[in-house]
Each structure stands twice: as structure tokens, then as C-alpha cells.
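The values are calculated or read from the model by the stated rules, or taken from the named source; none is laboratory data. Everything quoted here is computed from the prediction, not taken from an experiment. Cβ placement follows ideal geometry from the backbone for every residue including glycine, while neighbour counts extend to all protein chains displayed. Each accessible area value is taken on the protein alone, full model and side chains, heavy atoms only, with ligands, DNA and RNA left out. Shrake-Rupley method; radii C 1.70, N 1.55, O 1.52, S 1.80 Å.
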Amino acid sequence: MEDRDWIIIKVLYEYKNVTKAAQALFISQPSLTARIRQLEEELGVKMIYRGSRGIHFTPEGDYMAHCAQHMLTNIRQIKEQVINMGADIKGTLRVGASNYLSKHKIPRLLGLFKEKYPNVEFNVSTTWSRDICSLLNNQDVHVGFVRSDFGWRGEKHILYEEPICVASKNAISLNDLPKLPRIDYHTDDSYKLLLDTWWSNNYALPPTIGMTVSYLDICKSMVINGLGYAIVPSNLLDDVKDIHKIYITDKEENLILRKTWMLYQKEIVELKMVKLFLDFAKEMDFTTI
């Protein structure tokens, strides 16, 4: 079997559909079907069979599919270790980052690192912060950038902290918030709990949710256009003029901060390329990029 065969099995198992798997692998459906038949003949077992709702894996095929991820991880680690033995700093750095960080922070960080180490390539996985830990545990990424540490038990480093504010186009009073339209947005549970706790500590009434949007950037646009207020990290609006901000505090009058973390496994620093990147990121002033 070739490395490509493990990828084929993994993708086919994920989609349970030959047409969709072929599209994801950028090969034709007949070519994929033919290769599966060749593998079945080579192994002497039946791996899949067709049903009314796509394909199904036999016990042998199911076992092969579960082995595929381990094989691909082992192959990748072997290649990384071999590259690590050389004197040059090269290879593919696999990064996981939240949607917001992937748009606003990670491109500049990777660009600056690329200037210093031009032979390094990147593979960036963008997802919700809460899913980054799974990518790290599955060794799908070397480093994760998240807006909450989610109880991560590996290595972690605070990159920066930013105060949270109530933002609106026009001046408003904190006392009036319960009766004003609030623009809410999807976010991770830990950050939502932080905001909900602050609200419950200050108001007896629930907020008046005028609308809920999917992403923080959309929320920003709604605020700029005067459609309501939002409780957001203040840095989000640093590039916007004429926005009214009120920084929120806890019971001791301390600013409530949102932290941005860099997460990684301890053993990953054995790779020179990754260690150099971690040190590079730790020295970076993330408030300016």
C-alpha cells in the first residue's frame, strides 16, 4: 500500500459516499472505485459494499479506516523528524486558529516568520476555538491559537489580553442596557459565561437581544451602522472612529479581560522549526499586528 491509499481510505470513511470522496481527493469516481478494488484484491478482503444510502464498511474495512489516521500521523511524524535532523529550517508548520485570529492576527504573524525562515510552509486550520484542543490532541496541528484555554493540560502561553467593552455608535448609559437592543454573536461557551456572569451581577432583567449574528466581524458592522450595542473585545473597534466605548469591570472595579492563548504539546518543541516559531510568537507584540 502507498501513502495515498491511507488517505483514500480515511476520506472515503469520512464521506461514506464515493462521489463526494472523489471530489475531495480531486480524482475521478471511476479511478477511486478502481483503486478500492485493487486494494481489496491485494488484501484479499472486501472493504466496502454499496447500500441505498451510500456505501458501508465491512468489519475489515472499518478496521482499515481506523488504522488510516494512525498510519498517516506516523508517516507525517517520521518525515518531520527526518527533516528535523537537517541543518536547514524547513518543513510545514501546522497551525490551528479561531476564525477571528485567522483573519486578524495569524496572517501577519506567519508572514513575519516566513520573512525570517523562507523555507517554512504553512497549513492553517480555521475553526472555533473550542475545537482547537481536539486538533492538538489528534496531532493534526503543531500549535493552536485560541481565545480561551478550555482547561488545556499541555503547554500554554498568554499572547495578549484585551479589555471588554460595551460598544455603540451613539453614547449610551450602562443603566439603560436592559431596554436597548443588543447585537449578540456566536462565541465559545467560556467567553459567553464570562459575559453572562457580568450581566447577572449588574442587572435583574435579561438583555433585549435585537439580533444574533454568526461572527464577531458581522457584529462589528452592525454596531458601526447603529443597529444596536454589543459587548465585545475593545481591540475589535480600534480602527473605527466615532464609536462609543464603555469598559466593563468586575465587582472590584478591575477591567474584565479576554485572553488570547497559544497552546501546544510539550514534546512538540523537539522539532526545531516548531520551537523557533513558538519563541518567535512569544516575543511578538500581538496588540500591534
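In the elastic network of the chain, a GNM with C-alpha springs shorter than 10 Å, the most mobile of 53, 37, 258 is 53. List the lysines whose alpha-carbon lies under 16 Å from that of residue 220, not counting same-chain residues fewer than 8 positions away? Answer for residue 220, where 16 Å is the Cα cut-off: 103, 169, 241, 245, listed by chain and number. On a 0 to 90 degree scale, rounded to 10, what angle separates helix 189-202 from the longest Cα axis of the chain? In the chain, helix 189-202 runs at an angle near 20 degrees to the longest axis.
Normalised by the residues of the chain, what does the relative contact order come to in percent, with Cα pairs under 8 Å and at least six apart? Taking the mean separation of contacting Cα pairs over the length of the chain, I get 20 percent. Close amide H contacts of residue 92 (hydrogens built in the peptide plane, cut-off under 5 Å, sequence separation of 5 or more or a different chain): 121. Across the stretch 150-176, the residues whose backbone nitrogen lies under 20 Å from the label position 7 Å along the beta-carbon direction of residue 270 are 153-156. Subtracting the Cα-Cα distance of residue 29 and residue 66 from their residue separation scaled by 0.36 nm leaves 11.1 nm. Surface composition of the chain: carbon plus sulfur atoms hold 51% of the accessible area, using a 1.4 angstrom probe and ignoring ligands, DNA and RNA.
Compute the angle between helix 59-85 and the longest alpha-carbon principal axis of the chain, please, reported from 0 to 90 degrees and rounded to the nearest 10. That helix lies at roughly 80 degrees to the long axis.
Take 223-230, 94-101 and order them by the average number of nearby Cβ atoms within 10 Å per residue, most first; the result is 94-101, 223-230.
Of the peptides 123-135, 22-34, the order by per-residue mean of other Cβ atoms within 10 Å, starting with the highest, comes out as 123-135, 22-34. With 21 Å as the limit, the listed pairs 105/156; 105/266; 259/282 have 105/266 beyond it between alpha carbons. Relative to the current alpha-carbon distance between residue 92 and residue 289, full extension at 0.36 nm per residue lengthens the span by 68.7 nm.
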